[in-house]
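Laboratory data are not the source of any read-out in this text; all were calculated from the coordinates shown. On a predicted model such as this, the values are computed, not experimentally measured, just so you know. Here the Cβ positions follow ideal geometry from the backbone for every residue, glycine too, while neighbour counts run over all protein chains shown.
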Amino acid sequence: MRRTGALAAELGMRAYLVGGPVRDLLLGLPAPDLDVAVEGSAHKLAEVLARRLAGRVHKATDFMTATVVFRDGTDLDIARTRRETYPEPGALPQVEPAGLDEDLTRRDFTVNAMAVALAPERFGRLIDPLGGLADLNARRVRVLHDGSFEDDPTRMLRALRFMLRLDFELEAHTRALLGRAVAERRLAVLSGARLRNELRRIFAQAPASALAELQELDLLAAMGLAPATGEACTAARLIPQAASALEIELDQAGPAAVGLGLYAGLSPADPAALGERLMLEASERSRLQEAARVAAAPPDELTRCEPDSGLHLALRGMSPAGAVACWTIAGERARRRLEHYWLDLRGVSADITGEDLKAAGYQPGPRFADALEAALAAKIDQSADRDGQLRAALELLATDGDAHSKR
């Protein structure tokens, strides 16, 4: 930051650390993103900075921004200080150059509208024209003006995200403005992609409470979606516990897919329509639909007294998202059975293949799959070695009449 501020000064510009990094540093939290605003050309500063510090530049001219990527993978986002105008509610903003004061007033919440000077003679000085530090100390989220949610309805979801991430409360007037925007269904006009991106962030940062808070603040209704049932909210609160019990990294399962799957499976919502509305990618849509399916109808084998091979056959192919969703709604016995499958049985396979059956003189056919299943069952249920598995497979084929007779 010192070098950035000094280089900007050399170029006749003023640079500032702005937004989220300032907030997080004041809270004593890690600041993973570095956002710099410059009164001058973002591209020019980025090019000089990349040249001096052996980085490379990515440009995005429509919004007067540039990103410098350094050799260690660190990103530095640089943006021209600017003002924004919204041609109509919910539209993307039109931008034009402006000074720092106007740049700060265009932001979403006071706690994100602070800056730190990077110029050598003022390095480290806090610039807080809108009372962000007071709101930070009071642990509250406050919008900058009464039309904030109308200008950009995604701020309704961002308000929730900051509440959950920082454990803040909504300032009273901001809560009233949010309620008005909810009643006006402001989120319903947004594209699925914009809703999807915000929901992903919310579920990633607060997987246990995201769904309940979306329902509590009526943000689902504001998106034009059905309400979440209490059963769905209760199940969603168990998402982190389920992932831990199954030793699944929650990022691998996709917390948004799991949470929204529980919502769709246990509430009056259509999983396929929800995936389409949010413009989910095919893989995420598939995870959501599986989570919804197992939440609505968990596999019977989890509660029936079946051998382990039956459990393996029934749950084979279940994704991490499906497993986490299933655990959250299952009873105690079903959870133990699910954990047994996921941790002990999921990777087990037979030690023989179709080549072994061919070597025994049988012609390939549809029953080969059944024979290999019999071998796997012998391994799982009887701890059969390779020879025992082959015997189980051949016994099944021997009862198959002429369809698979030996050559």
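Miscellaneous remarks
- Correct option for Kirkwood radius over Cα pairs in Å [calculated from the coordinates] among [x] 22.3; [y] 21.4; [z] 24.9: [z]
- Derived scalar couplings ³J(HN,Hα) [the range 239-250; Karplus, 6.51 cos²θ - 1.76 cosθ + 1.60; whole Hz; x for Gly, Pro]: 4, x, 5, 5, 4, 5, 4, 8, 6, 10, 5, 4
- Residue order, fewest to most surrounding Cβ atoms within 10 angstrom, among Val111, Val324, Val22: Val22, Val111, Val324
- Against the chain, whose longest principal axis is taken from its Cα atoms, helix 172-183 shows a tilt of about 60°.
- What the Cβ-Cβ distance of Arg125 and Tyr86 gives, at R0 = 41 Å and to the nearest 0.05, is a FRET efficiency of 0.85.
- Net charge dipole, the chain: roughly 900 debye, given to the nearest 20, about the Cα centre with Cβ charges of +1 for Lys and Arg and -1 for Asp and Glu.
- The Cα center of the range 1-79 and the Cα center of the range 144-196 differ in position by 28 Å.
- nm² value of the averaged projected area, convex hull over the Cα atoms of the range 354-404: 3.1
- Global geometry of the range 1-135, whether rounded, prolate or oblate, following the gyration tensor of its Cα atoms and the 1.5 cut on a/c: oblate
- Segment Asp381-Leu313, extension gain: residue separation times 0.36 nm, minus the distance between their alpha carbons: 23.2 nm
- The calculated 222 nm mean residue ellipticity attributable to helices in the chain amounts to -14500 deg cm²/dmol, summing -39500 (n - 2.57) over DSSP H runs of n ≥ 4 and dividing by all residues.
- Relative contact order for the chain, counting Cα pairs under 8 Å that sit 6 or more residues apart, in percent: 9
- Once the Cα atoms are used to define both axes, helix 192-205 deviates from the longest principal axis of the chain by about 80 degrees.
- Among Arg106, Arg71, sorting on how many other beta-carbon atoms sit within 10 Å of each Cβ, with the fewest leading, yields Arg71, Arg106.
- Listed by chain and number, the aspartates and glutamates placed with their C-alpha closer than 20 angstrom to that of Lys59 are Asp33, Asp35, Glu39, Glu47, Asp72, Asp75, Asp77, Glu84, Glu96, Asp103; residues fewer than eight positions away on the same chain are left out.
- Cα lying deepest toward the dipole's positive end in the range 1-135, options Leu17, Ala98, Gly73, charges on Cβ: Gly73
- Farthest towards the positive end of the charge dipole of the range 154-286, among the residues Ala176, Ala256, Leu274, is the Cα of Ala176, using unit charges on the Cβ of Lys, Arg, Asp and Glu.
- Electrostatic dipole magnitude of the range 259-407 [Cβ: Lys, Arg +1; Asp, Glu -1; Cα centre; debye, to 20]: 180
- Between Ala296 and Ser191, the FRET efficiency from the beta-carbon distance, with R0 = 25 Å, is close to 0.35.
- Scoring 262-269, 348-355 by mean Cβ neighbours within 10 Å over their residues and listing the highest first yields 262-269, 348-355.
- Farthest positive-ward along the range 287-407 dipole, Cα basis, beta-carbon charges - from Gly361, Leu372, Gln389: Leu372
- Considering only the range 1-135, percent of DSSP beta bridges that pair antiparallel, nearest 5: 85
- Whole-number percent relative contact order across the range 41-115, with pairs defined as alpha carbons under 8 Å at least 6 apart: 20
- When the Cα gyration tensor is reduced to axis lengths a ≥ b ≥ c, the ratio a/c is 1.5 or higher for the range 88-171, and with a/b not above b/c it is classed as oblate.
- Sequence of Thr174, Thr328 once ranked by neighbouring C-beta atoms within 10 Å, starting from the fewest: Thr174, Thr328
- The range 354-404: relative contact order as a whole-number percent, Cα under 8 Å and 6+ apart: 40
- The magnitude of the dipole of the range 162-286, with charges of +1 and -1 set on the Cβ of Lys/Arg and Asp/Glu and taken from the Cα centre, is near 380 debye.
- Of all aspartates and glutamates in the structure, those lying under 12 Å Cα to Cα from Lys379, and not within fewer than 8 positions of it along the same chain, are Asp308, Asp351, Asp387.
- Folded to 0 to 90 degrees: helix 386-398 orientation relative to the chain principal axis, Cα: 60
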